[in-house]
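Data first, discussion second: the structure below is written as structure tokens.
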Amino acid sequence: MTGDEREQRVAAAAAAALQVPGVAFLKPGLAGRLRASASALARTGKGPDRRRADPTAGVRVRQGPPWTAEVHIVLQRGHRALDVTRAVRSAVADSFGETPVRVTVTVSGMV
Amino acid sequence: MAINDGTYPAHGADGIQDGLLPQEGTAPAGAISPAEVPTMGEEDAAMEEIEDEGVDERLPCGRLLSEVWEADDQGAGDPHLRECPHCSTARAELGLLGDTVRDVLASEPDDGDGRGWDTTALTARVMDVVRLELRPGRPLPLGETTEDLWIMEAAAAKTVRAAAESLEGVHAGSCRIGPPPEQFVPARAPEERRSPTHVQLEVAVSDLAPLREVADGVREQVRMAVDHELGMDVAAIDIRITDIYADEDDDEEIGMPGRADHGRTGSGRPPVGGWEVTLDDR
């Protein structure tokens, strides 16, 4: 089904983007991030576990052909915005396999 | 990458568009417009909810929510903010959000070894994220003209301000980043929507500072940060000194990189007098 395929591609794209070094998270939903940050810090002394919040927030995929994907990321300090967005673009394109896709990446914030 | 330090006349104080959101229909040809950023179709209506979280809100009295928050942050004395019930409520909600964040962070038990962590700093960082979500500005291009990579103005401005404040005696103020003034770039076809950007930064400086050197120093810090940390192509960097404050500590090396320990603008040192000095690249 078309909807299922699109959802699968969203999930794959989001997972791929999150693996890129320098991506803190995909455009955050604030309430979820607050809880995740507080409990993660209290438990481990480290930052939030990326997997706990909605993993697909910040990724939009338009059914193709032609397929397009829009990704909003929050950047980690110490990483160059251009390099990270290029890597995210590659990772998301790779997640589509053989299917051509036009990827747009936007840095919406930094932490 | 090379910065084109073209000459152009000093701008008046009203030369900067103070719009919080890009103004459609007024951008010069070739300027970056969010309307030109690819948008999704009807079938993504369900996804709109996520994207709309970042849109600024206009209160019934006509004020923008982000303006109210910013004025509250800076302690501005606009009487409307105190008298208007909508603005008062918005300010109260901001305080409540900050308190809630602090409570959430503080209520989590530590991991038993007695090490606490800095809730104040964490709260500030979280509130930073909230503000960035609310008022992102326009998307700015990263990299080459053929790449579809962007950074929101508010995020880039954060980097610019931090670079300026890495210098002793410098407090960063308003930063706007956008397309260069129309008359200083050749006319571009509408389909060339990416163009090198123009950074405009206001700073307050110590009265011990040699103005020209500090402006040049700030410009250089900004140029390096935009290149090293962002990878954004910049056509010109405008530094405007909008305030000069009395600095009692004359042991510091003003204008040199170092620990910026004065904190944010409004540290308690009153300006001795302000006038707008625009030191452009010439």
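The values are calculated or read from the model by the stated rules, or taken from the named source; none is laboratory data. Since the model is a prediction, treat every value here as computed from it, not as a measurement. Every residue, glycine among them, receives a Cβ derived from its backbone with ideal geometry; neighbour counts consider all protein chains shown. Keep in mind that these areas ignore ligands, DNA and RNA; they rest on the heavy atoms of the full protein, side chains included. Shrake-Rupley method; radii C 1.70, N 1.55, O 1.52, S 1.80 Å.
Could you check the simple spin-label distance between residue B:99 and residue B:83, using points 7 Å along Cα→Cβ, in nm with one decimal?
Modelled inter-label distance: 2.7 nm.
Please arrange B:86, B:80 by accessible surface area, largest first, computed with a 1.4 Å probe and ligands excluded. Write out the running numbers ahead of the final one.
Working: B:86 75, B:80 55 Å².
In descending accessible area the options line up as B:86, B:80.
Between beta-carbons, use under 12 Å as the cut-off and find the net charge around residue A:67, counting Lys and Arg +1, Asp and Glu -1.
Numbers: positive: A:6, A:9, A:60, A:62, A:102; negative: A:5, A:70, A:98.
Neighbour charge sum, excluding residue A:67 itself: +2.
Ordering B:138, A:62 from largest to smallest accessible area (1.4 angstrom probe), what's the sequence?
On the way: B:138 35, A:62 90 Å².
Descending accessible area places them as A:62, B:138.
How far apart, in nm, are the 7 Å Cα→Cβ label points at residue B:125 and residue B:59?
Result for the modelled spin labels: 3.0 nm.
Using protein heavy atoms only (no ligands, DNA or RNA), what is the total accessible area buried between B and A, 1.4 Å probe, nearest 100 Å²? Please list the in-between numbers first.
Numbers: alone 16110 and 6920 Å², together 19350 Å².
Interface area, both chains combined: 3700 Å², rounded to the nearest 100.
Work out which residues of the range B:216-237 lose at minimum 10 square angstrom of accessible surface when the other protein chains are put back, relative to the chain isolated, with a 1.4 angstrom probe, and list them by number.
B:227, B:228, B:229, B:230, B:231
I'd like the accessible area for residue B:208, computed on protein heavy atoms only with a 1.4 Å probe and all protein chains in place. Round to 10 Å², please.
My reading of the accessible area for residue B:208 is about 70 Å².
Show me the ranking of peptides B:213-224, B:157-168 by mean Cβ neighbours inside 10 Å, starting with the highest. List each step's numbers first, then the result.
Values: B:213-224: 20.0, B:157-168: 22.2.
Per-residue mean Cβ counts within 10 Å order the peptides as B:157-168, B:213-224.
In the range A:96-111, which residues have a backbone nitrogen under 17 Å from the label point lying 7 Å from residue A:19's Cα in the Cα-to-Cβ direction?
A:96-99
I need the peptides A:91-97, A:11-17 ranked by packing, meaning the mean over residues of other C-beta atoms within 10 angstrom, with the highest value on top.
Final packing ranking: A:11-17, A:91-97.
Mind grabbing the accessible area of residue B:175 for me, 1.4 Å probe, Å², rounded to tens?
10 Å²
Could you name every residue in the range A:92-110 that has 30 Å² or more less accessible surface in the full protein assembly than in its own chain alone (probe 1.4 Å, ligands and nucleic acids excluded)?
Listed in order, they are A:102, A:104, A:105, A:106, A:107, A:108, A:110.
Under the definition of partner shielding as Cβ atoms of other protein chains within 10 Å of a residue Cβ, what is the mean value for peptide B:155-163?
Numbers: counts 8, 3, 0, 3, 4, 0, 0, 2, 0.
If you average over the peptide's residues, the count of other-chain Cβ atoms is 2.
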